[in-house]
Amino acid sequence: MNRIANELKALTQYFLFWLIICFIDRLLFITAFFDKIGSKNFSEIFKIYYHGLSLDFSAVSYICAVPFLIYCILSFLPNVHYKRKILDVYTITLLVIYFVVSFININIYREWGDKISKRAIDAFLASPSGAVASAESTPVFFPVFGMIFGIVVGYFLYRWMFKKVHFYNISCLGRMLLNY
């Protein structure tokens, strides 16, 4: 039973990890456009986080659903011992994708006043050279730095939060559930 509690704790930590990543992403975005928000309106910054929390919960739930389903399936397979490695690869891959999209969002918002959307994708597909030309005028240092910063901080945060987490092969749990 202690193993099950440990693994439920690990799933909760994974959810919390991605919630922190969403907060870091929002912090990078707010930092990039702090001049538009203004230093006088710190209450606006809190409102941004408060109103974005439901979207963060939704996104994190989708992100956590895949590892949870894989974990449930692999729990019934007694010879699979790579649960942690699968989670590590999944997490690092998503961190890179997440912060690359964040980089794109910062640049698109700077140019068009809109985050990545169907309109931005359609404009890129209709005229890739025009989209690249408009992107050439934007500063690239901060978004690239933010992307690298987010990936590195996310990676080390993940390693720190999950250094003592071990996924056991709980095929005995699978057999116990099948007996009911």
Give me the 1.4 Å probe accessible area per residue for the stretch 44-103, excluding ligands and nucleic acids, in Å². 63
Net length gained if the chain between Asp88 and Asn6 were fully extended (0.36 nm per residue, minus Cα distance): 27.8 nm
How much length would be gained if the chain were fully extended between Phe68 and Val144, taking 0.36 nm per residue of separation minus their Cα-Cα distance, in nm to one decimal? 24.2 nm
Multiply the residue gap between Val96 and Gln13 by 0.36 nm, knock off their C-alpha separation, and tell me the result in nm, one decimal place. 27.9 nm
Ignoring ligands and nucleic acids, what accessible area does Asp35 show with a 1.4 Å probe (Å², nearest 10)? 130
Using θ = phi - 60° and the Karplus form 6.51 cos²θ - 1.76 cosθ + 1.60, what ³J(HN,Hα) does each residue of the stretch 20-28 get, whole Hz, x for Gly and Pro? 5, 4, 4, 5, 5, 4, 5, 5, 4
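The values are calculated or read from the model by the stated rules, or taken from the named source; none is laboratory data. Owing to the predicted nature of the structure, the values given are computational and were not obtained by experimental measurement. Protein only, heavy atoms only, side chains kept; ligands, DNA and RNA dropped before computing areas. Shrake-Rupley method; radii C 1.70, N 1.55, O 1.52, S 1.80 Å.
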